Amino acid sequence: MTFRGDANFDTSAVSKGGGGGGIGGGTIAVGGGGIITVILVIVSMIFGVDLTGLAPGDPIQPQSQEQSQGSEEVTGCTGADANDPANVTCRMEGGADSMSAFWTATMQSNELEYADPTVQLFDRQVSTGCGDATSAVGPFYCPPDQRIYLDETFFAQMRDQFGAQGGNLAEMYVLAHEWGHHIQNVTGQLGRVQQGDTGPQSSAVRSELQADCYAGAWIAAAPQTADDDGSAPVIEAVTEEQMQQALDAARTIGDDRLQQMGGGGVNPDGWTHGSSEQRQTWLSNGFNGGVGACDTWNAPQV
Ligand SMILES: [Zn+2]
């Protein structure tokens with residue numbers, strides 16, 4: 001995925017620094033233990049990638065003073081910055097700009113109310129409306145505060161530890177997947193996930209595959225999607241090679257592959273996100289068929 005070099009991003013969705021925290025936190029505290037448990041369970045089921053147990057012995061340092069002092073909005077990125085392989089921050093900003101334009105238009109055309117999620121880039125540890133989290137859980141979406149949490153080092157980990165090819169579109173796919181969970185949240189589809197329901201055809205896997213499909217729909221549409229201010233799309237045409245890198249990322253984080261890498265055998269009953277093949281299939285379905293091709297809930301088989 002390549003950004004138009006002179007593109008300027010006008011989203012305020014992305015922040016960087018410590019915790020988003022706070023938002024929704026008060027409600028949770030008042031609600032007591034039962035609600036906390038429920039919310040944590042929901043979140044653990046919708047993590048973009050659950051790396052728990054696959055990256056053992058990674059000590060999480062106590063939250064530093066800087067982190068607890070809150071976060072700053074990411075501003076001033078250009079398309080050229082976002083294309084820089086080392087500049088994950090600006091890439092997330094650019095991706096968020098394009099996803100905002102795509103989903104705002106898509107939801108409007110379906111006469112659905114919509115507001116963007118926010119994206120919180122964090123370092124190692126973060127406080128969220130869903131509880132405290134560390135990088136070890138991978139990127140995730142927290143429904144109560146409508147926020148995507150992502151440790152920028154995750155992409156290096158995907159390459160170095162999990163053997164993904166990497167690439168800008170592979171990184172964008174991860175953000176777009178989490179954005180997909182936000183869409184499910186605002187449309188009510190997230191409520192169809194039943195706690196403890198796992199396996200290749202489970203509600204958990206159908207939810208994850210729909211998020212992959214939504215990511216594919218965005219990838220296909222992004223080069224034609226302009227902001228409503230009339231400026232040109234921030235993203236240029238997607239090449240075959242770039243799409244292959246996104247599919248490679250989907251393969252890398254398939255449940256069967258992660259189970260194998262974890263040293264155990266493949267146990268489909270435990271799947272929460274779908275196999276490598278399922279994830280690639282639904283990413284492709286969205287890419288080829290758009291949002292309308294993403295009804296994983298009513299598909300006889302996913
Ligand atoms: Zn997910």
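Residue check: Thr296 meets all listed conditions (1) assigned to a helix (DSSP H, G or I); (2) under 19 Å from the mean Cα position of the chain (by Cα); (3) closer than 21 Å to Pro139 by Cβ but one, namely (1).
Looking only at the stretch 168-193, count every residue that is hydrophobic (A, V, I, L, M, F, W, C) and outside any helix (DSSP H, G or I) and tell me the total. Before the answer, list the steps.
Keep residues of the stretch 168-193 that are hydrophobic (A, V, I, L, M, F, W, C), which gives 169-170, 172, 174-176, 179, 183, 186, 190, 193.
Right, trim to outside any helix (DSSP H, G or I) and you get 193.
Result for the stretch 168-193: 1.
Inspection of the stretch 230-244 identifies no residue that is in contact with a Gly (Cβ under 6 Å, 6 or more places away or on another chain), in a helix (DSSP H, G or I) and over 18 Å from Phe102 (Cβ atoms). Taking the criterion of being surrounded by fewer than 23 Cβ atoms within 10 Å (Cβ to Cβ) and farther than 14 Å from Ile219 by Cα, the residues of the stretch 91-109 that qualify are Thr104, Ala105, Met107, Gln108, Ser109.
Condition first: aliphatic (A, V, I, L, M), more than 12 Å from the chain's Cα centre (by Cα) and within 15 Å of the ligand (Cβ to nearest atom). Now tell me which residues in the stretch 183-193 satisfy that.
Passing the criteria: Leu190, Val193.
In the stretch 273-287, the residues that are under 16 Å from Gly199 (Cα atoms) form Cβ pairs under 6 Å with partners that are of a type in the set (Val, Ile, Thr) and crowded, with 22+ Cβ neighbours inside 10 Å, at six or more places apart or across chains, as follows: Gly274/Val205.
Using the structure shown, decide if Gln157 is of a type in the set (S, T, N, Q), under 19 Å from Gly274 (Cβ atoms) and out of contact with any Gly (no Cβ under 7 Å at 6 or more places or on another chain). Taking the combined requirement at face value, the residue does not satisfy it.
State yes or no: is Gly180 away from the ligand (no atom under 15 Å from the Cβ) and at pLDDT 90 or above? When the stated conditions are applied, Gly180 does not pass them. Exactly one residue among Gln260, Gln301, Gln201 is farther than 30 Å from Asp81 by Cβ, away from the ligand (no atom under 16 Å from the Cβ), exposed (fewer than 14 other Cβ atoms within 10 Å of the Cβ) and touching a residue at least 12 places away in the same chain (Cβ under 8 Å), and that residue is Gln301. Within the stretch 227-257, restricting attention to residues that are within 20 Å of Val205 (Cα to Cα) and in contact with a Leu (Cβ under 7 Å, 6 or more places away or on another chain), the residue that is farthest from the ligand (Cβ to nearest atom) is Leu247. Hey, does the stretch 194-217 have a residue that's farther than 29 Å from Ala136 by Cβ and either within 21 Å of the chain's Cα centre (by Cα) or in a helix (DSSP H, G or I) (or both)? Yes: one or more hits.
For the stretch 245-272, the candidate set comprises residues that are of a type in the set (Gly, Ala, Ser) and assigned to a loop (DSSP other than H, G, I, E, B); within that set, the residue that is farthest from Gln194 (Cα to Cα) is Gly263. Among the residues making up the stretch 115-133, those that are surrounded by 17 or more Cβ atoms within 10 Å (Cβ to Cβ), on the phi < 0 side of the Ramachandran plot and not in a strand (DSSP E or B) are Asp116, Pro117, Asp123, Cys130. Using the structure shown, decide if Gly95 is in contact with a Cys (Cβ under 9 Å, 6 or more places away or on another chain) and in contact (Cβ under 8 Å) with a residue 12 or more places away in the chain. Spelling it out, it is not the case that Gly95 is in contact with a Cys (Cβ under 9 Å, 6 or more places away or on another chain) and in contact (Cβ under 8 Å) with a residue 12 or more places away in the chain.
Go through the residues of the stretch 148-167 one by one and say whether even a single one is in contact (Cβ under 8 Å) with a residue 40 or more places away in the chain, part of a strand (DSSP E or B) and either within 11 Å of the ligand (Cβ to nearest atom) or under 19 Å from Gly17 (Cβ atoms) (or both). Looking for residues that are in contact (Cβ under 8 Å) with a residue 40 or more places away in the chain, part of a strand (DSSP E or B) and either within 11 Å of the ligand (Cβ to nearest atom) or under 19 Å from Gly17 (Cβ atoms) (or both), one finds at least one in the stretch 148-167, hence yes.
Is it the case that Phe140 is touching a Lys or Arg at 6+ places or on another chain (Cβ under 9 Å) and either at pLDDT 95 or above or aromatic (Phe, Trp, Tyr) (or both)? For Phe140, the condition - touching a Lys or Arg at 6+ places or on another chain (Cβ under 9 Å) and either at pLDDT 95 or above or aromatic (Phe, Trp, Tyr) (or both) - is not met.
The set of residues in the stretch 264-298 that are loosely packed, with under 15 Cβ neighbours inside 10 Å, under 20 Å from Gly188 (Cα atoms) and of a type in the set (S, T, N, Q) contains only Asn298.
The values are calculated or read from the model by the stated rules, or taken from the named source; none is laboratory data. Predicted model only: the values in this text are computed from it and were never measured. Don't worry about glycine lacking a Cβ; one is built from the backbone with ideal geometry, like all the others, and counts go over all protein chains shown.
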